[in-house]
Amino acid sequence: MIAQHEIEVRTSGRGIYDISRDVQSCVGESRIDVGLCQVFIRHTSASLMLCENADPAVLRDMEAFMSRTVPDGDPMFTHTAEGPDDMPAHVRSVLTQTSLTVPVANGSLVLGTWQGIFLWEHRSRPHRRQLQVTVLG
Amino acid sequence: MIAQHEIEVRTSGRGIYDISRDVQSCVGESRIDVGLCQVFIRHTSASLMLCENADPAVLRDMEAFMSRTVPDGDPMFTHTAEGPDDMPAHVRSVLTQTSLTVPVANGSLVLGTWQGIFLWEHRSRPHRRQLQVTVLG
Amino acid sequence: MIAQHEIEVRTSGRGIYDISRDVQSCVGESRIDVGLCQVFIRHTSASLMLCENADPAVLRDMEAFMSRTVPDGDPMFTHTAEGPDDMPAHVRSVLTQTSLTVPVANGSLVLGTWQGIFLWEHRSRPHRRQLQVTVLG
């Protein structure tokens with residue numbers, strides 16, 4: 001059995017957004033009991049991440065680490081058409097995930113207690129992000 | 001056909017552990033001939049990696065690179081409740097993999113000659129790590 | 001339904017190669033309408049990446065970023081048997097992807113407008129790289 005859903009996530013600019021419930025909803029609607037749930041983001045300047053979901057400081061520190069490792073406006077970058085956050089957004093996407101697969105059991109995502117599924121918006125401005133969620137079982 | 005297994009891996013603290021055999025055992029037990037094997041780690045401070053499996057120096061160099069890139073006790077980090085290796089463990093997980101999928105053919109993982117599947121424990125202390133292995137075919 | 005293909009990609013040394021068409025061909029041949037396409041590279045010194053496919057400057061900047069972050073000949077590395085690009089190739093692979101999954105709908109890869117599938121050769125010399133493409137639906 002296969003179920004496929006499109007989700008749109010509206011971001012208010014750079015930041016990390018918990019989408020665990022949206023993905024779990026797709027699993028629930030699929031009525032698939034055991035299998036895999038694949039989440040795919042159809043962009044190269046926003047990405048996906050499985051991360052600790054309890055302390056907001058983790059997400060702030062994650063953003064701080066990434067901002068230092070891939071600095072906006074780095075003079076090394078030549079692809080700057082859309083601004084100082086353009087190329088860093090592509091690099092951040094490549095260092096994280098465009099595609100995530102999570103097992104499904106008993107009709108639910110098999111996540112650890114402290115695990116959440118996050119969309120990471122790397123661009124400064126708000127965007128609408130298209131995700132494809134496929135449940136196979 | 002779908003087969004799902006839970007595996008527990010006991011780590012003795014930070015380090016890289018070869019779990020290729022454990023994953024292959026799940027494929028063998030599934031009796032699935034052709035398909036996909038997905039490995040998922042239900043934690044955000046230990047992760048998965050496909051890496052060179054022949055020279056132990058590769059794993060030591062990998063750890064050295066990661067220790068330099070994401071230093072323990074970095075004053076930038078505010079999420080320090082569980083010690084200097086707490087937030088670095090989350091960052092290291094995000095830079096590697098929580099979820100890995102490997103093709104299956106002839107009842108075996110289709111790995112390259114020099115490829116192994118590894119669990120990377122990022123915390124200093126020993127932990128019990130829960131993995132979910134799903135074989136689809 | 002499952003279809004599995006082996007692809008060989010010949011690289012002319014370090015660089016980023018668009019393999020979107022090769023992967024789409026496998027999806028087309030599979031005659032699977034809805035499902036998942038998994039691409040796996042059977043090496044640990046070349047990797048996979050979903051990246052912006054329009055401006056060649058993005059790929060040049062990506063290589064520049066990676067060369068700075070994981071420098072060839074870094075004296076920290078001890079696994080140097082095959083030269084100064086040996087261990088950096090393994091690290092670059094771990095920081096990107098060995099395994100990628102892309103949804104399939106209407107018999108095609110569900111990629112965003114600006115998304116391509118790339119093979120990243122991390123070794124200086126030309127190589128023949130083996131990929132396994134599995135389509136499930």
Can you give the relative contact order of chain A as a percent, counting alpha carbon pairs under 8 Å and 6+ residues apart? 56 percent
Quick one: angle between helix B:86-95 and the longest Cα principal axis of chain B, in degrees between 0 and 90, rounded to 10, please. 40 degrees
Can you list the distances in nanometres, one decimal and ascending, from the C:Ala81 label point to the identical position in each other copy, with the point 7 Å along Cα to Cβ? 4.5, 4.5
With no solvent and one point per C-alpha, what does the Debye sum give as log10 I(q)/I(0) for the stretch B:1-65 at q = 0.13, 0.15, 0.24 Å⁻¹? -0.46, -0.60, -1.19
How tilted is helix A:20-30 with respect to the longest principal axis of chain A? Cα atoms for both, answer in degrees (0 to 90, nearest 10). 30 degrees
Sites B:Asp72 and C:Ser108 - FRET efficiency at Förster radius 56 Å, r taken between beta-carbons, to 0.05: 0.75
With the label set 7 Å along Cα→Cβ, A:Asp55 is separated from its counterparts in the other copies, in nm and shortest first, by 3.8, 3.8
Based on the Cα gyration tensor of the protein assembly as shown, what are the three equivalent ellipsoid semi-axes, each the root of five times an eigenvalue, rounded to whole Å and given largest first? 27, 24, 24
Test of the criteria: in the stretch C:48-137, which chymotrypsin sites (Phe, Trp or Tyr not before Pro) are in a DSSP loop and have at most 10 other Cβ atoms within 10 angstrom of their Cβ? none
Average other protein chain Cβ within 10 Å of Cβ, residues C:37-45: 6
What nm distances, shortest first, do you get from the label point of C:Ser25 to those in the other copies when the point sits 7 angstrom along Cα to Cβ? 4.1, 4.1
Once both labels are modelled 7 Å past Cα along the beta-carbon direction, what's the A:Asp33-C:Ser20 spacing in nm? 4.1 nm
B:Asp72's amide H: which non-local residues (gap 5+, or another chain) put their own amide H closer than 5 Å, with H modeled 1.01 Å from N in plane and none for Pro or chain starts? none
Inter-centroid distance (Cα atoms) of the stretch A:105-137 relative to the stretch A:24-43, Å: 9 Å
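For the stretch C:42-137, which GluC sites (Glu not before Pro) pass both filters: DSSP loop (anything but H, G, I, E, B) and at most 16 other C-beta atoms within 10 Å? Please report the intermediate quantities before stating the final value.
Working: sites: C:Glu52, C:Glu63, C:Glu82, C:Glu121; in loops: C:Glu82.
When the GluC sites (Glu not before Pro) of the stretch C:42-137 are filtered for loop state and at most 16 Cβ neighbours within 10 Å, C:Glu82 remain.
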Highest GNM mean-square fluctuation, chain A, Cα pairs closer than 10 Å: which of A:His43, A:His90, A:His79? A:His79
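Could you work out the relative contact order of the stretch A:70-120, using alpha carbon pairs under 8 angstrom and six or more residues apart, expressed as a whole percent?
Details: 22 pairs, mean separation 11.0, N = 51.
It rounds to 22 percent for the stretch A:70-120.
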Among C:Leu109, B:Pro84, C:Phe40, pick out the residue whose Cα is farthest towards the positive end of the charge dipole of the protein assembly as shown, where Lys and Arg carry +1 and Asp and Glu carry -1 on C-beta, about the Cα centre. C:Leu109
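Charges only on Cβ, +1 for Lys and Arg, -1 for Asp and Glu: so what's the dipole of chain B about the Cα centre, in debye to the nearest 20? Walk me through the numbers on the way to the answer.
On the way: 12 positive and 16 negative charges, 36 e Å.
Once rounded to the nearest 20, the dipole reads 180 debye.
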iface A-C | buried accessible area, total | probe 1.4 Å | Å², round 100 | 2400 Å²
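Taking the Cα centre of the stretch B:1-80 as origin, sum charge times position over the Cβ atoms of Lys and Arg (+1) and Asp and Glu (-1), and report the length of that vector in debye to the nearest 20.
Working: 7 positive and 12 negative charges, 28 e Å.
Dipole magnitude for the stretch B:1-80 comes out near 140 debye.
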How compact and how long is chain A, expressed as Rg and Dmax of its alpha-carbon atoms in Å? 15.8, 50
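The values are calculated or read from the model by the stated rules, or taken from the named source; none is laboratory data. From a predicted model like this one, the values you see are computed outputs, not experimental measurements. A quick note on method: Cβ atoms are made from the backbone with ideal geometry, for glycine too, and the neighbour counts reach across all protein chains shown. Just the protein is used for accessible areas: all its heavy atoms, side chains included, with ligands, DNA and RNA removed. Shrake-Rupley method; radii C 1.70, N 1.55, O 1.52, S 1.80 Å.
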